[in-house]
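The numbers here are math on the coordinates, done by the rules we state, and not lab data. Note that the coordinates shown come from a computational prediction; the quantities given were computed from them, not determined experimentally. Cβ: placed from backbone, ideal geometry, glycine included. Neighbour counts: every protein chain shown.
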Amino acid sequence: MAPLNRNKGLYVPALPTLWPHMLGGSSATPEFLPFNHPRAHWFYFARNALWTAVRALGLEGKEVLLPAYHHGVEVEALVDAGMIPRFYRVGPRWEVDLEDVARRITPQTRVLYLEHYAGFAGPALELKRLAEAHGIMMWEDCALSLLAADGGLPVGATGDLAIFCLYKTLPVPNGGALVVNGERDYALPPGPPPGWASTASHLASSLLQNLELRAGRVGGALRSMVRLMGRGASGAMGAKRVATGTRHFSRADARLGISQTTLRIASGIDLADVVERRRRNYFLLLGQLRELSPPLHAQLAPGSCPLFYPLVVDDKAAVLKSLWAQGIEAIDFWRDFHPACPASEFPDVARLRRSVVEIPCHQDLDPERMQQISAVVKEAVFSANSRRAHG
């Protein structure tokens, strides 16, 4: 991501930030998956959960049928664990082509893999029925859809297995989960937690982002100063920081577990309020931006918990550059295919990869900040379109 321009004092982080009072946590168990699941296993990354599941189930050398619209790190984890990936079609509005899925199932297929995109539920029940008809498993990837539901059915409650990522939706330093549905469970010993220095580094970074979010230019200056001092101290101590938000799977970190700090922070957050705030912010952006760019989701179905607002643009690079310059941490969403996926077979997915930008709508942002974001996004898109028209 390009450096942000702080000249106007606007700062909108891509992910929610840690407020100091959250460090106290709670002893309560949140009433959302995966926290309340009796067979939840905890990891540092969601990708670690995938890798572990393949090994535990002895699926090396077996085929997994995945969506052509994928991040890539989940495919890397499955391949590193020994599975053979095959891919099915996803349409221009993130819809799974169920007929294409059915056509691509072969006697070698052992797992149907569903991804719930950005807090919007995919067709879990339909894929589960299809998997059962063929005597194979269905797995749900809920990494981008923590707290989401399809009406009253939580995402992750239908598949034989489901994986979750915590730190994309909540201000926690790390965390992934694997839940095992049905009566059977697997012996998955917990991995070692990350070192204290790594967890402390993530916590400090999130607290500083929160400071800049609230205090503007002053907070940004303090954040820059503390980060500079922190890098020097970490280097002197030789502390290893296990980065989150990385694009690739690392076997060196595959067995790493979750930090207890993550679970403590999550236990003290009002998760229902998180869902409500994200839905409100998505609606605000939808009302302001739907005439600017056709929305991928013109309606917000009951249970959806938007991770971000997916903005479809013609010149992604120009729009991103403009947003970064104005202090908005927009993200280039899923630009690249995994090398195993034949891109030429999936033109709808290729267009999505060229055009979708993540616009933040997380729980830290109030209606006034959402209005600012809308105005900056409009300016960025108009400018990019004007340059294309006159270029």
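Using just its DSSP H runs of length 4 or more, each adding -39500 (n - 2.57), the chain gives a mean residue ellipticity at 222 nm of -12500 deg cm²/dmol after division by all residues.
Taking amide hydrogens as placed 1.01 Å from N in the peptide plane, the amide H of ALA149 sits under 5 Å from those of VAL155, SER304, CYS305, each at least 5 positions away in sequence or on another chain.
Under the 0.36 nm per residue contour assumption, what length would be gained going from the current alpha-carbon distance of LYS321 and GLU368 to full extension?
Between LYS321 and GLU368, full extension yields an extra 14.6 nm.
Counting DSSP beta bridges in the chain, what percent are antiparallel, to the nearest 5?
Working: 19 of 37 bridges.
Counting DSSP beta bridges with both partners in the chain, the antiparallel share is about 50 percent.
Computed from backbone phi, the HN-Hα couplings of segment 75-87 come to 5, 4, 5, 5, 5, 4, 6, x, 7, 10, x, 10, 9 Hz, rounded to whole numbers (Karplus: 6.51 cos²θ - 1.76 cosθ + 1.60, θ = phi - 60°; Gly and Pro given as x).
With coordinates expressed along the principal axes, the C-alpha atoms belonging to segment 26-180 extend over 48, 32, 25 Å, beginning with the largest. The residues neighbouring GLU115, those whose beta-carbon lies less than 10 Å from its own, together hold a net charge of -3 under the Lys/Arg +1, Asp/Glu -1 convention. Stretching the chain fully between GLN299 and ALA102 yields a gain of 68.2 nm (0.36 nm per residue, less the alpha carbon separation). For TRP51, neighbours were defined as the other residues whose beta-carbon sits under 15 Å from its Cβ, and their charges (Lys and Arg +1, Asp and Glu -1) total -1.
Put in order of Cβ neighbour count within 10 Å, fewest first, the listed residues ARG241, ARG184 become ARG184, ARG241.
In plain terms, the chain from LYS378 to SER27 could stretch by 122.0 nm, reckoned as 0.36 nm per residue minus the Cα-Cα distance. Taking every alpha-carbon pair within segment 271-390, the share separated by more than 17 Å comes to 58 percent.
Please order LYS240, LYS62 by the number of other Cβ within 10 Å, starting at the fewest. Intermediate values should be presented prior to the final figure.
Working: LYS240 12, LYS62 17.
With the sparsest Cβ surroundings first, the list reads LYS240, LYS62.
Here the Karplus relation 6.51 cos²θ - 1.76 cosθ + 1.60, evaluated at θ = phi - 60°, turns the backbone of segment 148-158 into coupling constants of 7, 8, 9, x, x, 9, x, 5, x, 8, 9 Hz, with x for every Gly and Pro. What the Cβ-Cβ distance of ASP270 and HIS390 gives, at R0 = 41 Å and to the nearest 0.05, is a FRET efficiency of 0.25. Segment 14-51 and segment 94-160 have Cα centres lying 22 Å from one another.
Which one is right for this structure if semi-axes √(5λ) of the Cα gyration tensor in Å is calculated from it: [x] 32, 27, 20; [y] 68, 31, 20; [z] 40, 21, 20? Given [x] 32, 27, 20; [y] 68, 31, 20; [z] 40, 21, 20, the calculated one carries the label [x]. Our coupling estimate for segment 379-386, obtained by passing each phi through the Karplus curve with A = 6.51, B = -1.76, C = 1.60 and θ = phi - 60°, is 4, 5, 6, 4, 5, 5, 5, 5 Hz, Gly and Pro reported as x. Using a cutoff of 8 angstrom between alpha carbon atoms and counting only pairs six or more residues apart, the relative contact order for the chain works out to 26 percent. Here's how it looks for GLY327: its modeled amide H is under 5 Å from those of ASN5, which are all 5 or more places away or on a different chain.
Here the simple spin-label model places points 7 Å from the Cα toward Cβ, and for LEU292 and HIS134 these points are separated by 4.1 nm.
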